[in-house]
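Every read-out reported here was derived from the displayed coordinates using simple, explicitly stated rules and does not represent laboratory data. Since the model is a prediction, treat every value here as computed from it, not as a measurement.
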Amino acid sequence: MNKQQLGDRYYILLYEDLQRNPEQELKRVVEFLGVTYSQNMKQLIFLGKRQQDGASIDNKEDSSSIQNNSENRLKRFYKHTSRFERKIINTMIWQVAKEFNYKIESK
């Protein structure tokens, strides 16, 4: 729906892609925004403060760790939501999930 309303002013970035190839995805976002890419953009800054060494997008994750992260998030989601709440959420997001090849389960 947003893409229909915003046309080419709309950019889709999947979390998994950002985890797998952070620098490549950052460059795509920067290009979409029409901003000049700089190596400084890789450094994580939170509330205006540069974060500790190693907190940058150079630390990408492999596919097994992405899968583990996704499974852990899903377990927490199931732990903190009722079946009824999940059903409501699934009803609201199933079209978007389908578009991006996410599985919607009704546990």
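Would you kindly state how much longer the chain becomes between Tyr15 and Arg76 on full extension, computed as 0.36 nm times their sequence separation minus their alpha carbon distance, in nm to one decimal?
Working: separation 61, 0.36 × 61 = 21.96 nm, distance 1.75 nm.
The span from Tyr15 to Arg76 would gain 20.2 nm if fully extended.
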Original post:
Extension gain Arg83-Gln43, at 0.36 nm per residue separation less the Cα-Cα distance, in nm?
Top reply: 10.4 nm
